[in-house]
Amino acid sequence: MAGLWRSYQVLMTKYPWTVQIVTAGSLVGVGDVISQQLIERRGLAHHNVQRTAKMMSIGFFFVGPVIGGWYKVLDRLVVGGTKSAAMKKMLVDQLGFAPCFLGAFLCLSGALNGLTVEENVNKLKRVRANCHLVPAAQTSVSALLTQHAASHRQLFTNEAART
């Protein structure tokens, strides 16, 4: 496992944008498979492959580029690897970026999967009730990951967006 992680880090250093986008698309796709199989309990025979493909495309073309760009901006806005800097990053991220990103992500995924505007609005209301859980986890991630911070936070954030 350590060798796989080192290989990932080498690729991330050589091809950061590409690896970040592939990672985002893959994680969003895996998240959809987990959702369909473990939460919705569809079983393999009833797995919606089209939905998984749509979710992966959102990861490749929306989540990866948007979050990757945001973390580059965030790392310029708040410099440093201290606990204080981690808290500032978390606050800027959660209060400024996350609500907009999550709303756009949910509306995009809903629209691609056939939800009406009303269904998308109801989905946003349900998610809003759970948004208090992410800041604590994001603070921990920001505090722990100072080297290659943007790329490593990407791993966590992709999965957080699935909830």
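The values are calculated or read from the model by the stated rules, or taken from the named source; none is laboratory data. Here the structure is a predicted model, which means the values were calculated and not measured. All Cβ positions, glycine included, derive from the backbone under ideal geometry; neighbour counts span all protein chains shown. The protein model used for the area step is the full one, side chains on, heavy atoms only, and it has no ligands, DNA or RNA in it. Shrake-Rupley method; radii C 1.70, N 1.55, O 1.52, S 1.80 Å.
Odds and ends about this structure:
- Unmet requirement for residue 127, which otherwise passes all of (1) β-branched (Val, Ile, Thr); (2) open to solvent by 40 Å² or more (accessible area, probe 1.4 Å); (3) at pLDDT below 85: (2)
- Residues in the range 69-88 that are closer than 21 Å to residue 24 by Cβ and open to solvent by 30 Å² or more (accessible area, probe 1.4 Å): 70, 72, 73, 75, 76.
- Filter pass, residue 9 being closer than 18 Å to residue 109 by Cα and open to solvent by less than 80 Å² (accessible area, probe 1.4 Å): no
- Taking (1) farther than 21 Å from residue 8 by Cβ; (2) modelled with pLDDT of 95 or more in turn, residue 102 satisfies each apart from (2).
- Taken as a whole, the range 83-98 holds no residue that is among the hydroxyl-bearing types (Ser, Thr, Tyr) and under 21 Å from residue 23 (Cβ atoms).
- Applying a threshold of 8 Å to beta carbon distances and a minimum spacing of six or more residues, or different chains, the list of pairs starting in the range 72-86 at a residue that is among the β-branched types (Val, Ile, Thr) and ending at one that is assigned to a helix (DSSP H, G or I) and surrounded by 12 or more Cβ atoms within 10 Å (Cβ to Cβ) reads 78/85; 78/88; 78/89; 78/92; 79/85.
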